[in-house]
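**Q** First the structure, then my questions, so here it is.
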Amino acid sequence: MFDRLITVIGKDKFDFLRKCRILIIGVGGVGGYALEALVRSGVENISIADYDIIELSNINRQIISLKSNVGCMKVEEAKKRANSICPNCNVEVLPKRLSEEDLFLLNSYDYILDACDDVSFKVLLIKYCYRNNIKLISCMGTGNRLHPEKLQITLLKKTENDPLAKKIRTILRKEDPKLLNVSVVWSSECPVSSRLIGTMCSVPMSAGSLMASFVVQDVLKK
């Protein structure tokens, strides 16, 4: 099923990618699409962490969300979808909200994808991965935006027009400016002014795909 991918990257690189261990934190709008792209890229060892259940309001933007699975755990539905694509994919589910006490788990992975929306935990992730030399890419804000073409990947210190990124920059800069050198997916688009957070599905979809593509290409550099 991966013949066309092997045509592009070669068998040796495909085999190397297949053996990598990757953790995705959050399998909602962004993380669900990142998982989809990684599974379809041949990655066979993926852990997914999320404590949430699927709600009706998720259907407009989350690839794992259907009317038929509203009320189900996101990680369980994500695992079902991943294995329906590639039965050989070893998907470990972590149905919990990760905290500081769980950070030691990160040491066993080759790459971490941060697709959660918890500011304090994003900060903890960035600090822990930096200090322990663990590969990490973090997603900034995708809500209240309409243009996926304005997404990009840079270092956190180069972000702008992103309230979430600004908040994280402010926190990290006070501790150590070097922490701002983490890779992030972010949008240069100013978010729509709204009391509530809305979502156009193409934005988190594209952000998740960008994260997965960045990880695959970075892993293959080895």
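**Q** Name the residues of the range 137-160 whose amide N is less than 18 Å from a point 7 angstrom out from the Cα of Asp52 along the C-beta direction?
**A** Of the residues in the range 137-160, 138-146 have backbone N under 18 Å from the label point off Asp52.
**Q** Would you mind getting the accessible area per residue of the range 171-222, heavy atoms of the protein chains only, 1.4 Å probe, in Å²?
**A** Heavy-atom accessible area per residue stands at 54 Å².
**Q** Sticking with this structure for a sec: Between Leu180, Leu56, Leu125, which gets the highest mean-square fluctuation from a Gaussian network model of the chain, Cα cutoff 10 Å?
**A** Of Leu180, Leu56, Leu125, the most mobile in the Gaussian network model is Leu56.
**Q** Give the ranking of Ser187, Ser193, Ser99 by solvent-accessible surface, highest area first, calculated with a 1.4 Å probe.
**A** Ser193, Ser99, Ser187
**Q** Can you give the net charge of the other residues whose Cβ lies under 14 Å from the Cβ of Ala207, counting K and R as +1 and D and E as -1?
**A** Net charge in that neighbourhood comes out at -3.
**Q** Highest GNM mean-square fluctuation, the chain, Cα pairs closer than 10 Å: which of Ile48, Ile25, Ile171?
**A** Of the options given, Ile171 has the highest mean-square fluctuation.
**Q** Please compute the modelled spin-label separation between Val119 and Phe16, points set 7 Å along Cα→Cβ, answer in nm with one decimal.
**A** 4.0 nm
**Q** Something else about it: For the range 1-66, just the Cα set please: Rg and Dmax, both in angstrom.
**A** Looking at the range 1-66, its Cα Rg and Dmax stand at 14.0, 43 Å.
**Q** Next question, about the same structure. Taking the Cα centre of the chain as origin, work out the dipole magnitude from +1 charges on Lys and Arg Cβ and -1 charges on Asp and Glu Cβ, in debye rounded to 20.
**A** The calculated dipole for the chain is roughly 460 debye.
**Q** For the chain, just give the cysteines left without a disulfide-compatible partner, judged by no other Cys Cβ under 4.7 Å.
**A** Among the cysteines of the chain, those whose Cβ sits 4.7 Å or more from every other are Cys20, Cys72, Cys116, Cys129, Cys139, Cys190, Cys201.
**Q** Let me ask something else. Fully extended, how many nm does the chain gain between Leu155 and Ser99 (0.36 nm per residue separation, minus their Cα-Cα distance)?
**A** Taking 0.36 nm per residue and subtracting the Cα distance, the gain is 17.7 nm.
**Q** With every protein chain left in place and a probe of 1.4 Å, what is the accessible surface of Thr154, to the nearest 10 Å²?
**A** For Thr154, solvent-accessible area is about 30 Å².
**Q** Round to the nearest 0.05 the FRET efficiency obtained for Lys174 and Asn132 when R0 = 22 Å and r is the Cβ-Cβ distance.
**A** Efficiency, from the Cβ-Cβ distance: 0.60.
**Q** Give a residue-ordered list of calculated ³J(HN,Hα) values for the range 199-210 (Karplus: 6.51 cos²θ - 1.76 cosθ + 1.60, θ = phi - 60°; whole Hz; x for Gly, Pro).
**A** 3J(HN,Hα) across the range 199-210, in whole Hz: 9, 9, 4, 5, 6, x, 4, 5, 4, x, 5, 5.
**Q** Leaving ligands, DNA and RNA out of it, report the carbon-plus-sulfur percent of the accessible area of the range 1-141 at a 1.4 Å probe.
**A** 50 percent
**Q** List the equivalent ellipsoid semi-axes of the range 128-198 in whole Å, largest first, each obtained as the square root of 5λ for an eigenvalue λ of the Cα gyration tensor.
**A** Here the semi-axes work out to 24, 13, 10 Å.
**Q** Can I ask one more? Under a GNM of the chain (C-alpha, springs under 10 Å), which listed residue has the highest mean-square fluctuation: Ser57, Ser41, Ser209?
**A** Among Ser57, Ser41, Ser209, the largest mean-square fluctuation in the Gaussian network model of the chain belongs to Ser57.
**Q** Roughly how many Å² of Glu175 are accessible to a 1.4 Å probe, to the nearest 10?
**A** 90 Å²
**Q** Please list Arg40, Arg21, Arg61 from largest to smallest accessible area, probe radius 1.4 Å, with all protein chains kept in place.
**A** Ranked list, largest accessible area first: Arg40, Arg21, Arg61.
**Q** Moving on. From zero outward in steps of 10 Å, how is the percent of C-alpha pairs of the range 71-160 spread across the bins?
**A** Result returned by the calculation: 13, 37, 36, 14, 0.
**Q** Taking the Cα centroid of the range 49-92 and of the range 183-219, what is the distance between the two, rounded to the nearest whole Å?
**A** So the separation of the two Cα centres works out to 19 Å.
**Q** Note down the Stokes-Einstein diffusion coefficient of the chain in µm²/s, whole number, using a Kirkwood radius over alpha carbon pairs, 10 °C, and 1.306 mPa s.
**A** Answer, rounded: 90 µm²/s.
**Q** Run the numbers for Lys166 and Thr7: contour at 0.36 nm per residue of separation, minus the present Cα-Cα distance, in nm.
**A** 53.1 nm
**Q** Right, something else. Counting each DSSP H run of 4 or more residues in the chain as -39500 (n - 2.57), what helix-only mean residue ellipticity at 222 nm follows after dividing by all residues, to the nearest 500 deg cm²/dmol?
**A** -11500 deg cm²/dmol
**Q** In the structure displayed, which of Lys135/Lys221; Lys127/Lys222; Lys127/Lys158 lie more than 21 Å apart, Cα to Cα?
**A** Pairs exceeding 21 Å: Lys127/Lys222.
The values are calculated or read from the model by the stated rules, or taken from the named source; none is laboratory data. Since the structure is predicted, the reported quantities are computational estimates derived from the model, not experimental observations. No Cβ is skipped: glycine too gets one built from the backbone with ideal geometry, and neighbour counts run over all protein chains shown. Keep in mind that these areas ignore ligands, DNA and RNA; they rest on the heavy atoms of the full protein, side chains included. Shrake-Rupley method; radii C 1.70, N 1.55, O 1.52, S 1.80 Å.
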